[in-house]
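Asker: There's a structure below that I have some questions on.
The values are calculated or read from the model by the stated rules, or taken from the named source; none is laboratory data. Quick caveat: nothing in here was measured; it's all calculated off a predicted structure. Reconstructed Cβ throughout: ideal geometry from the backbone, glycine too, with neighbour counts over all protein chains shown. SASA here: full protein model, heavy atoms, side chains in, ligands and nucleic acids out. Shrake-Rupley method; radii C 1.70, N 1.55, O 1.52, S 1.80 Å.
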Amino acid sequence: MTMHDSSPATPLPQAGTARTRAAALLRAPLTRRAWAEAAYCLLALPLGLAGGVLLAVLLALGAGLAVSLVGAVVGALVLVGCMRLARGLGALHRGLAAGLLGERVPGPAAPRPGSGVFGRLDARLRDGAGWRAAAYVMVKLPVSALGMYAVLWWLTGLINLTAPLRWGVFGQDAGSGDVGGMPVLTPIPAGSLEVHTFAGTFAALALGLALLLLAPWATRLVVEADRRLLRALLGPSQLADRVRDLEETRALAVDDSVALLRRVERDLHDGAQVRLVAVAMSLDMIKERLGEAGDAGQGGRLGAGGRSEGAPGPARPDQAHDGASPPSLDLARVRQLVDVAHHNATEALTELRDLARGIHPPVLDDGLPDALATLAARSALPVELTTDVPRRPTPAIETIAYFCAAELLTNVIKHSGAARATITVTEESEGGVGILRLRVTDDGRGGAAVGLGSGLTGLVQRVRTVDGRLQVHSPEGGPTVVAVELPLSA
């Protein structure tokens, strides 16, 4: 019975997927994205054509003059002007792409300054971003032509949709005396297509509908190619991106180290230092109490000849009585002071131990898997731990991974309302480079995101200091999956 019930239900997801794809295909010509991409292809044609032709002429002129003996300086100046023009045209293309496609490509860095006239001239001629922008403008010429061809699919489709209306309005029927029929437009060269009857205009209308269904995918293909060119040629170079990332991670590392030193100083000042001061004060009070009792006992001792040591004149009976009965030591008060000093010393040791553990947990001495096992065993939530790390990471990577796991587990306990959590740590390879992957999953309510006060922002900054990545997938209703990728060595 179970097999009979499950067999017909198997193709339902496939049928649903097929219906979804068919509906997306039918809705494609009506979407804002399709019309925006068509408008982009249409507007990019004059900009790409005019900019490409102008830049090509100037580059040819500048290169021709530069290789000559007489016009070398003039040719270099023309080439410098080409770099400025290319950067300006690139900015226009980036603006057009941002406005119609939502493709926001950051602009390249400004050309480096040079010293002196020839130094500045050399710096402009070595402007890599300018040459890449010039390459984009030149490549944009054929891409613009392809974009216009893709727009032609839209135009022919829309014109063919009006075939029945044009037949009736312009009188192109069988009795009009026209020798030729109504032409049917297609973006593909297929000879001369005509319709000679009113019924044939509905075939042209059907062809127009088919062209409109295919037109969005033609423009999308051209736009995707243009997107890749935009990112590769008009944005910052890979080297510039890498330098910027290194500068940001270096700043994050410096800020993190400064924050750690401030936290250590604050914890020492507000915690252990205060308790140690209290211990010293308690010991001083105990010393004073014992000193007062010793002085009183010494002053009451009788010396030779019946005189009190340190007291001139004959001893009176009341003095002899006082010397024989010195003031008693308040042992209860002394014990209380000793207890307070002992308590403060114990608390100070505990805080110093916690502070040292926060800098480098001792459990990491035996490796990351054992440290995570201890963390999972001490958790207030059931945690399933899976580790597969054949090669041991460097101590810095182990420390970051451990603190990430601890912070994520704390978030699960405090914010998710989950019943259980899973920690998975594996070692993988990407391009021959070892990668440590830490994944923390819970079955809570979801909705976690970076920047919502859950501590994930701090973790992102921590992993970025070693070129790591943190990704969060937490839909409403859960489950939440946080993946951390770290190199094996920092």
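Asker: Carbon and sulfur: what percent of the range 15-143's accessible surface (1.4 Å probe)?
Answerer: Values: 5130 of 7070 Å².
After summing per-atom areas, the C and S share lands at 73 percent.
Asker: Can you give the extra length, in nm with one decimal, that the chain gains between Ala98 and Val433 once fully stretched, where that is 0.36 nm per residue apart less the Cα-Cα distance?
Answerer: 117.1 nm
Asker: Less than 14 Å Cβ to Cβ from Leu229, Lys/Arg counted +1 and Asp/Glu -1: what total charge do the surrounding residues give?
Answerer: For residues surrounding Leu229, the net value is +3.
Asker: Hey, another quick one. Rounded to whole Hz and in sequence order, give me ³J(HN,Hα) for the range 198-203 from the Karplus expression 6.51 cos²θ - 1.76 cosθ + 1.60, θ = phi - 60°, writing x for Gly and Pro.
Answerer: 5, 5, x, 5, 6, 5
Asker: Sticking with this structure for a sec: Using r as the Cβ-Cβ distance of Leu165 and Ala225, and R0 as 41 Å, what FRET efficiency do you calculate, to the nearest 0.05?
Answerer: 0.70
Asker: Tell me which residues come under 5 Å, amide H to amide H, from Leu385 once H is placed; ignore anything under 5 positions away on its chain.
Answerer: Result for Leu385 returns Ile423.
Asker: Quick one: net charge around Leu47, please, counting Lys, Arg +1 and Asp, Glu -1 for every other residue with C-beta under 13 Å from its C-beta.
Answerer: +1
Asker: Another question, then. Can you compute the FRET efficiency between Ala23 and Thr350 using 1/(1 + (r/R0)^6), with r the Cβ-Cβ distance and R0 = 60 Å? Round to the nearest 0.05.
Answerer: Values: r = 65 Å, r/R0 = 1.08.
With R0 = 60 Å, the Cβ-Cβ based efficiency is 0.40.
Asker: Can you give the extra length, in nm with one decimal, that the chain gains between Leu155 and His342 once fully stretched, where that is 0.36 nm per residue apart less the Cα-Cα distance? Numbers along the way, then the final one.
Answerer: Working: separation 187, 0.36 × 187 = 67.32 nm, distance 9.00 nm.
The span from Leu155 to His342 would gain 58.3 nm if fully extended.
Asker: While we're looking at this one, here's another question. Run the numbers for Val274 and Thr387: contour at 0.36 nm per residue of separation, minus the present Cα-Cα distance, in nm. Spell out each step's value before the answer.
Answerer: Numbers: separation 113, 0.36 × 113 = 40.68 nm, distance 4.19 nm.
Contour length minus Cα-Cα distance gives 36.5 nm.
Asker: Amide H neighbours of Leu488 under 5 Å, counting only residues 5+ apart in sequence or on other chains, H built in-plane at 1.01 Å?
Answerer: Residues meeting the criterion, in which the H sits 1.01 Å from N, are Gly434, Leu436.
Asker: Estimate the FRET efficiency between Arg120 and Glu476 by the formula 1/(1 + (r/R0)^6), using the beta-carbon distance for r and 51 Å for R0, to the nearest 0.05.
Answerer: About 0.35, to the nearest 0.05.
Asker: I've got another one for you. Distance in nm between label sites at Leu213 and Arg112, each 7 Å beyond Cα in the beta-carbon direction?
Answerer: 5.7 nm
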